[in-house]
């Protein structure tokens, strides 16, 4: 009898822990992902993976951009005005701008960005037709 009682006690305790953990996971699932300061964005089949990231406001964020495609891409992050300029621009390279990075085929580039205000921005590849192929993502700053 004692053994069975002990097993039920442990089983009930474990069941309680599972229920509490499940409730916490469900509560967390309703929220967006927590901000991170190190991000890797992989470019594969002309798509950004992940296509959405969350970063902290006012903190340097290291972003590694890995291009697994056999063609060049770029990563431009900004508001609507920035993207309007790049949609019609002819600038082939973006030196010294941490929010405008060219990633040659089959290579990686790393940039460090500090987002000074909270909000939501897009990152887009503005090489010909790439945006229309779906090379669009979002960064949430909080």
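The values are calculated or read from the model by the stated rules, or taken from the named source; none is laboratory data. Source: prediction; values computed, not measured. Neighbour counts run over all protein chains shown; Cβ positions are idealised from the backbone, glycine included.
Mind telling me which of the residues 71, 76, 103 ends up being within 15 Å of the chain's Cα centre (by Cα) and in the same structural domain as residue 44 (by TED's automatic domain parsing)? Let's see the steps before the verdict.
Values: 71 fails: within 15 Å of the chain's Cα centre (by Cα); 103 fails: within 15 Å of the chain's Cα centre (by Cα).
Exactly one residue qualifies, and that residue is 76.
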Could you go through the range 35-54 and let me know if any residue there is farther than 21 Å from residue 105 by Cα, surrounded by 11 or more Cβ atoms within 10 Å (Cβ to Cβ), modelled with pLDDT under 95 and within 10 Å of the chain's Cα centre (by Cα). yes
